[in-house]
Amino acid sequence: MLAHETGHIAGGHLARGQEELERAQTIAIISALIGMAAGAASGNAGAATALTLGGGSMAERSFLAFTRGMEASADQAALR
C-alpha cells in the first residue's frame, strides 16, 4: 500500500488530478450553458435537460477514466 501511494506522489497525480477535475467542471458548465441556450431557443425544456445531463455525464466519465489510469499507474509503480 505504501508503494502504491508513493507511486501517486512520484507520478505527480495529485496536481494532475486537480487539473483534470477543473477540466471536467469546465465541460459540465459549458454543456449546461449550451443546454440552457438550446432550451431557450427551441422552447423545449427536454432539450435543455438532455444536453445538461449528457454533458455532466460525459465530464464525470472522463474524470473517472483519468482516475482509473492514475490508479493503474500507481499500481505499476508499486510493482516496480
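The values are calculated or read from the model by the stated rules, or taken from the named source; none is laboratory data. What you see is a predicted model, and the numbers here were worked out from it, not measured in a lab. When we count neighbours, we look across all protein chains shown, and the Cβ atoms used for this are built from the backbone with ideal geometry, even at glycine. SASA here: full protein model, heavy atoms, side chains in, ligands and nucleic acids out. Shrake-Rupley method; radii C 1.70, N 1.55, O 1.52, S 1.80 Å.
Within segment 55-75, the residues that satisfy the criterion of being closer than 17 Å to Glu5 by Cα, free of Cβ contacts under 8 Å to residues at least 24 places away in the same chain and charged (D, E, K, R) are Arg68, Glu71.
The number of residues in segment 22-54 being surrounded by 15 or more Cβ atoms within 10 Å (Cβ to Cβ) and closer than 30 Å to His4 by Cβ comes to 3.
Filter segment 1-21 down to the residues that are among the acidic types (Asp, Glu) and either open to solvent by 50 Å² or more (accessible area, probe 1.4 Å) or farther than 12 Å from Phe66 by Cβ (or both) and list them by number.
Matches in segment 1-21: Glu5, Glu19.
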